[in-house]
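The values are calculated or read from the model by the stated rules, or taken from the named source; none is laboratory data. Computed from a predicted structure; not experimentally measured. Note: ideal-geometry Cβ built from the backbone for every residue, glycine included; neighbour counts use all protein chains shown. Areas reflect the complete protein model, heavy atoms only, side chains present, ligands, DNA and RNA absent. Shrake-Rupley method; radii C 1.70, N 1.55, O 1.52, S 1.80 Å.
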Amino acid sequence: MRRARRPGRTLAWQVLICLCILSIWQWGYDLHDRLPWLVPDLLDPYFISKPSDIFEHFLILSCLKSKLGVFNGWFNGEFGRCMARSENNLWIATAVTLKNTFFGFVTGVSSGFAAGLLLGRSDRLSAIFQPFITAVNSIPRIALAPIIVLAFGIGDTSKIVTSWIVVVFLVFFNTFEGARSIDEGFVNAARLLGASEWQITRTVVVPSTMAWVFASLTPAISFALIGVIVGEFIGAERGIGRLIIESEARAEASGMMVAVIVLMLVGVALSALIWRLQAYLLRWQQHNLAE
Amino acid sequence: MHASQFVASPVTRRIDVRGLCKTFQLAGTAIEAVRDVSFSVRRGEFVALLGPSGSGKSTVLNMIATLVKPTSGQILIDGTPVVPGQATPNVGYVFQRDTLFPWRTVADNIGYGLQLAGVPVAERKERIDACLMQAGLQDFGNAYPSALSGGMRQRAALMRTLVVEPQVLLMDEPFGALDTHTKIDMHDVLLRIWEREQQTVLFVTHDLGEALTLADRIILFSARPGRIKESFEVDFARPRNAVKIRETPRYAELFQLIWHSLGEEFIKGRSP
Ligand SMILES: Nc1ncnc2c1ncn2[C@@H]1O[C@H](COP(=O)(O)OP(=O)(O)OP(=O)(O)O)[C@@H](O)[C@H]1O
Ligand SMILES: [Mg+2]
């Protein structure tokens, strides 16, 4: 962080790199016939589309343009008709995926956190459950997704459950480690000041594990999203994962790319949200660095 | 001024320790930390437990504080046996190590005990402010402990214990990590509070000067296994001034006397 004093420069470099990537993506394949040794086949827009096509497709998928490439008017009702007609347009897909991610994340984090605290603070319980947890944790959770879809159907529930199952262990293990590594000095101090077991949990155990829990939340939100998308791949009526499958069936790289970019933006936004929450809840840690 | 000639009636005995023993099991080997320790502390008395490192002072204090379960022996506070693992009401403890909660501001740390007891916010704030003032931390109420110096942290920790007004104070080398001058400052702070509140204090230290400055009586521990070797009355007039007291001839005299005895234990403690 020694050079962080010139944010303008950093930004300039970042923009430059972006422009380079986009330009190569957009025009790189045009050189393929002349310079085949320089331009790999993978740059073929058939596989990876190109920025202008992706943007065009974004407008179509989000009902802003008709399939013929004409802008849908808002006032003449074209936009509304398109929205009503296409079951899985970009707006609905994003909303559905976000909603399921949110529920998967929230249920996963809360149950993982609760279980982590419980087992982390009780040698007895952790000894009993240890082998089960190790066993279940050794299963690649994503492998359970088809079973979950089979059991819960192609509705939203199966996506939430898939998402939950990938998140819960992550948060559980972090909380568990956090609860294990609590400084007993704090617990003793609280106890001698008259704290009951419950008060100790609330005022000492929870805050001391917070840093550990937060360390798992950024990966947890990506995992939640992955869980939902995989669930949608396997069977769904709506959602971004479904959108990708539909485009793939039509061999439409642009459609897939639109979905991927939306996923990226969603992921970034959710991570930023977590980051803000963390900065607030763990503000006492910031003081170690500042001043 | 020699061992156990001091007799108190049961009524005035606040802390009563009888035949206390503690053996730790550490990786299969038994470590005898404390052997047959008996003493009592009168109501309002300031007693220092002095001894070389590893002589079991903290262990004795922790047993009284219910943090460690005795192997055998009895501990009575106000005539009632203490229950290991269960805090005794009206007993406050100041740790050897900094245990301020880093996630709470200084004011919230001090107010912690009041919050547990369900004291209303307005009263809580008033008492916290009084404590901050007493500790000279008025400007640091909203700071987190990480922004404080070692001495300030220790004052805050002291106030966190004192704010609930315990009648018995157990202190385990609370100023051990401070430099000499800060330490003497803290002695004055503690003496002023003690003169006003007249708590019963059991103060663990390996610093003879500290023990002489603060205590009415010094109980000297032998090297491990900890036993009571001797006990000394410290008869300086009260109120005491932590700086001036060190310049009196009586201080030098007592220092000499105890220093010799303590030195023997330090040497014993060092040899295997
Ligand atoms: N939890 C424990 N497990 C095993 N041994 C212990 C434990 N606590 C203390 N001991 C042992 O008991 C002995 C006395 O320790 P104690 O902490 O009471 O000494 P102390 O007089 O307070 O020393 P110091 O002045 O260095 O703090 C030491 O030899 C130590 O190794
Ligand atoms: Mg000690």
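I'd like the orientation of helix B:150-162 relative to chain B: the angle between its Cα long axis and the longest Cα principal axis, in ° from 0 to 90, rounded to 10.
It works out to around 90 degrees.
Tell me the angle of helix B:249-270 to the major Cα principal axis of chain B, expressed in degrees between 0 and 90 and rounded to the nearest ten.
70
Please state the charge dipole magnitude for the stretch A:101-200, taken about the Cα centre, from unit charges on C-beta atoms (+1 on K and R, -1 on D and E), reported in debye and rounded to the nearest 20.
Dipole size: approximately 160 debye.
In what order, largest first, do A:74, A:212, A:91, A:25 sit by accessible area if the probe radius is 1.4 Å? Write down the numbers at each step before the final one.
Working: A:74 170, A:212 100, A:91 125, A:25 55 Å².
Listed by decreasing accessible area, they come as A:74, A:91, A:212, A:25.
Can you give the charge dipole size of the protein assembly as shown about its Cα centre, rounded to the nearest 20 debye, using +1 on the beta carbon of Lys and Arg and -1 on the beta carbon of Asp and Glu? Each step should come with its number before you reach the end.
Working: 55 positive and 49 negative charges, 69 e Å.
For this selection, approximately 340 debye.
In debye, nearest 20: dipole of chain A around its Cα centre with unit charges on the Cβ of K, R (+) and D, E (-)? Kindly include the intermediate steps, with their values, before the conclusion.
Numbers: 24 positive and 20 negative charges, 166 e Å.
So the magnitude is around 800 debye.
How would you order A:135-143, A:172-180, B:81-89 from highest to lowest mean count of nearby Cβ atoms within 10 Å?
Output ranking for A:135-143, A:172-180, B:81-89: A:172-180, B:81-89, A:135-143.
Report, as an integer, the average count of C-beta atoms from other chains found within 10 Å of each Cβ along B:76-87.
1
Å³ per residue of the Cα convex hull, for chain B?
Taking the convex hull of the Cα positions in chain B, it is 141 Å³ per residue.
How much net charge surrounds residue B:268 when only other residues with a Cβ under 13 Å from its Cβ are counted (Lys, Arg +1; Asp, Glu -1)?
Residues close to residue B:268 contribute a combined charge of +2.
For the interface of B with A, what's the total buried accessible surface in square angstrom, probe 1.4 angstrom, rounded to the nearest hundred?
For chain B against chain A, roughly 2000 Å² becomes buried.
In a shell of Cβ-Cβ distance under 9 Å around residue B:200, excluding residue B:200 itself, what net charge do Lys and Arg (+1) and Asp and Glu (-1) give?
Here the charged neighbours net out to +2.
Could you check the spin-label model distance between residue B:72 and residue A:215? Points 7 Å from the Cα along Cα→Cβ, value in nm.
4.6
Tally Lys and Arg at +1 and Asp and Glu at -1 over the other residues with C-beta under 12 Å from the C-beta of residue A:163: what net charge comes out?
Here the charged neighbours net out to +1.
With every protein chain kept in the model, how would you rank A:22, B:208 by accessible area, 1.4 Å probe, largest at the top?
Greatest to least solvent exposure: A:22, B:208.
Ordering A:32, B:206 by how much accessible area each has at a 1.4 Å probe, largest first, what is the list?
Largest accessible area first, the list is B:206, A:32.
How big is chain A along each principal axis, measuring the range of its Cα positions in Å and listing the largest first?
76, 54, 48
Apply the a/c threshold of 1.5 to the C-alpha gyration tensor of the stretch A:190-275 and tell me whether it is rounded, prolate or oblate.
Since a/c reaches 1.5 and a/b is larger than b/c, the shape of the stretch A:190-275 is classed as prolate.
With angles folded into 0 to 90 degrees, how steeply does helix A:123-138 sit against the dominant principal axis of chain A? Use alpha carbons for both and round to 10.
20
Whole number in Å², please: accessible area per residue of the stretch A:85-242, 1.4 Å probe, ligands, DNA and RNA not counted.
Each residue of the stretch A:85-242 exposes 45 Å² on average to a 1.4 Å probe.
Extending each Cα 7 Å along its Cβ direction at residue A:48 and residue A:20, get the distance between those two points in nm, one decimal.
1.4
For the stretch A:7-48, what is the largest minus smallest coordinate of the Cα atoms on each principal axis, given in angstrom and ordered from greatest to least?
40, 19, 11
Report the paramagnetic label zone for residue A:184: residues of the stretch B:32-55 whose backbone N is under 19 Å from a point 7 Å from Cα along the Cα-to-Cβ axis.
B:32-34, B:54-55
Express in whole angstrom the spacing between the alpha-carbon centres of the stretch B:29-84 and the stretch A:196-274.
Here the two parts' Cα centres lie 54 Å apart.
Using Cα positions and a limit of under 25 Å, work out the lysines in reach of residue A:99, with same-chain residues fewer than 8 apart set aside.
Correct list for residue A:99: A:159.
Please find the FRET efficiency linking residue A:122 to residue B:117, where r is the Cβ-Cβ separation and R0 is fixed at 30 Å, and quote it to the nearest 0.05.
0.65
If each DSSP helix of 4+ residues adds -39,500 (n - 2.57) and the sum is divided by the residues in chain B, what number results at 222 nm, nearest 500 deg cm²/dmol?
-10500 deg cm²/dmol
At 7 Å along the Cα-to-beta-carbon direction for both residue B:233 and residue B:38, put a label point, then send me their distance in nm to one decimal.
2.1
Note down the accessible area of residue B:133, probe 1.4 Å, to the nearest 10 Å².
Only protein atoms counted, so the area is about 120 Å².
Just round it to a whole percent: the fraction of Cα-Cα distances in the protein assembly as shown exceeding 35 Å.
Values: 89309 of 158203 pairs.
Distances greater than 35 Å cover 56 percent of the Cα pairs.
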